[in-house]
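*Asks:* My structure is below; once you've seen it, I'll send some questions.
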Amino acid sequence: MSTAVRVAQTSQASIKSLISLMNKSCTCPAHSQARRILQNNNASSATDATSKHHHHTKDCSHSHDDTEHEYAFEMASSTMRFGEGVTREVGQDLVNMKAKKVLVMTDPNIAKLPVMKTVIESLKANNVPFVVYDKTRAEPTDQSFMDAIAFTKEHRPDVFVAVGGGSVMDTCKAANLYFNYPDADLLEFVNAPIGKGSVITKDLSPLIAIPTTAGTGSETTGTAIFDYEPLHVKTGIANRKLRPTLGIVDPLNTRTMPSQVKIASGLDVLCHALESYTALPYNERTPRPANPAERPAYQGSNPISDIWSLEALRLTVKYLARSAKDPLDMEANTQMCLAASAAGTGFGSAGVHLCHGMSYPISGLNKTYKHPEYNVDHSIVPHGISVAVTAPAVFRYTGAACPDRHFKAAEIFGADLSKVRKGESAGPLLADQLTKFLENLGVPDGIGALGYTKADIPALVKGTLPQHRVTKLAPLTTGAEALEKIFEDAIKNY
């Protein structure tokens, strides 16, 4: 069955679900079509839904307090242009934008690759004035953000072009933001509780994103992630104003990715898809924003995000191994680029949850591990690796909250649901499928393979707890005790 047919079929089912949901006369959580079982912090399995829901209602009338629960979701994504060779159009785009001075942002490795040559040739051919910043850091830090911001303030561009993976695109978003808010402290817009979490209220400068990896989907999202070194954790900024004006997705630009970079990038796509599909439903999120401008970028799973997330999962399961094995397999490269952008559109609305929340201290506390084929001068757990190593443990834990969705995901990996025994748990089934998938790709065997031991778990939990932006979207309430168990379960996967 073709990708287009699958998307159409999934779209029809989701649209029917959306229409049915809108036609409901009551928005109380007890009658939500997307009802999930929510658990207390210390619970590890599903129990009676009535006693373990976060929210309770006595009847289906509107007499209950309906002001707290969200009742709407928003879909927001960048304009995306997709096609082999489309990078060369960027110069014309900048002319159309009437750009007077462009800041092209990249990293030291990508600066030497054909994609940068194509970008620069296009700018020169169209007489677009530009300056290049090629010092962005793989897995950026607060300091590398500030270095890029300082360069931007010095050169004062009116349009930005990011050429690179998620690290480059996120750094460029931050530079754009703080150039337009020149007096703001770095933590002004960083997600609470690490930062102030202030709302971005004004439009930023145009930004064109040209991804060179098939992973983060950052060309479609309003997020910028970095390591906040004073606390040794990852955090970020999330606001629709950060979204690129245009994403230029050219599969030719991924041919030069080393195999391990392709795998790590693809695993980010995988977890984006799985987490957004299994996230807390949007109409179970609280509180409802007092002003639409305060509605968060990450809102919970919804009928439209489901379409993108499921298709991204299907494509990743089918094509990631092929893409990593053969850099010239253009069918696989193209489909992984589509998967990355589809997942970005899905999680850009729904959000992610525990794999990402737990990944931030895994990356931030790393001192010695350096992943193969990453040409950097510092220790590094690539983001896609840090989210994937806990995935079997996470979905083993969350399966009780929304078993149908976990069964559906397991089926996409290849599980035969006709052989599932009555009463069999969905979480372990999906975890087993994930484990096989990761092992076949040669992914490090749990957090233990990254150098962590049981003694490190308290610090990892401490680094996860502040990640409210994502952890509160888990389908189960997840406190310190539950996180400890998940981290312990993730020490070894195979």
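The values are calculated or read from the model by the stated rules, or taken from the named source; none is laboratory data. Bear in mind the structure is a predicted one, so any value in this text is a computation, not a measurement. Because the Cβ atoms are built from the backbone with ideal geometry, glycine has one as well, and the counts that use them run over all protein chains shown. Just the protein is used for accessible areas: all its heavy atoms, side chains included, with ligands, DNA and RNA removed. Shrake-Rupley method; radii C 1.70, N 1.55, O 1.52, S 1.80 Å.
*Asks:* Would you please state the base-10 log of I(q)/I(0) at q = 0.16, 0.18 1/Å for the stretch 111-239, with intensities from the Debye formula using one equal scatterer on every alpha carbon?
*Replies:* Results for the stretch 111-239 at q = 0.16, 0.18 Å⁻¹ read -0.78, -0.98.
*Asks:* Would you mind getting the accessible area per residue of the stretch 208-309, heavy atoms of the protein chains only, 1.4 Å probe, in Å²? Let's see the in-between values first.
*Replies:* Numbers: 2540 Å² over 102 residues.
Here the residues of the stretch 208-309 average 25 Å² of exposed surface.
*Asks:* Still on this structure: If the reach is capped at under 25 angstrom between alpha carbons, list the lysines near residue 419, excluding any in the same chain fewer than eight residues apart.
*Replies:* 318, 408, 436
*Asks:* In deg cm²/dmol, rounded to 500, what helix-only [θ] at 222 nm does the chain give when every DSSP H run of at least 4 residues adds -39500 (n - 2.57) and the total is split over its residues? Show your work: numbers first, answer last.
*Replies:* Values: 17 runs with 209 residues, N = 494.
Helix-only estimate at 222 nm: -13000 deg cm²/dmol.
*Asks:* Which whole-number value in Å² is the accessible area per residue of the stretch 352-451, probe 1.4 Å?
*Replies:* 37
*Asks:* How far apart, in nanometres, would the label points at residue 150 and residue 377 be if each is projected 7 angstrom from Cα along the Cα-to-Cβ direction?
*Replies:* My value for the distance between the label points is 1.6 nm.
*Asks:* Would you list the membrane-span-like helices of the chain, meaning whole DSSP H runs whose alpha-carbon atoms span at least 24 Å along their axis and whose mean Kyte-Doolittle value is at least 0.0?
*Replies:* 3-22, 259-277, 303-325, 330-350
*Asks:* I need the peptides 452-461, 204-213 ranked by packing, meaning the mean over residues of other C-beta atoms within 10 angstrom, with the highest value on top.
*Replies:* 204-213, 452-461
*Asks:* Give me the mean projected area, in nm² to one decimal, of the convex hull enclosing the Cα positions of the stretch 187-236.
*Replies:* Details: hull surface 18.2 nm².
Projected over every direction and averaged, the Cα hull of the stretch 187-236 covers 4.5 nm².
*Asks:* In the structure displayed, which of 124/370; 262/367; 202/367 lie more than 29 Å apart, Cα to Cα?
*Replies:* 124/370; 202/367
*Asks:* Now for a separate question. Sort 388-401, 111-124 by packing, meaning the average of other beta carbons within 10 Å per residue, with the highest value first.
*Replies:* Details: 388-401: 26.4, 111-124: 17.8.
Result, highest mean first: 388-401, 111-124.
*Asks:* Which value in Å does the Kirkwood hydrodynamic radius of the stretch 66-130 take, with 1/r averaged over all unlike C-alpha pairs and then inverted?
*Replies:* 14.4
*Asks:* What share of Cα pairs, in percent, lie more than 29 angstrom apart in the chain?
*Replies:* Tail of P(r) above 29 Å: 47 percent of Cα pairs.
*Asks:* In the stretch 211-321, carbon and sulfur make up what percent of the accessible area (probe 1.4 Å)?
*Replies:* Exposed carbon and sulfur together represent 55 percent of the surface.
*Asks:* By average Cβ neighbour count within 10 Å, what is the ranking of 425-438, 295-308, 403-416, 352-365 from highest down?
*Replies:* Numbers: 425-438: 21.2, 295-308: 23.9, 403-416: 18.4, 352-365: 27.4.
Per-residue mean Cβ counts within 10 Å order the peptides as 352-365, 295-308, 425-438, 403-416.
*Asks:* What FRET efficiency would be calculated for the residue pair residue 411, residue 331, taking the C-beta separation as r and a Förster radius of 25 Å, to the nearest 0.05?
*Replies:* Efficiency at R0 = 25 Å is approximately 0.60.
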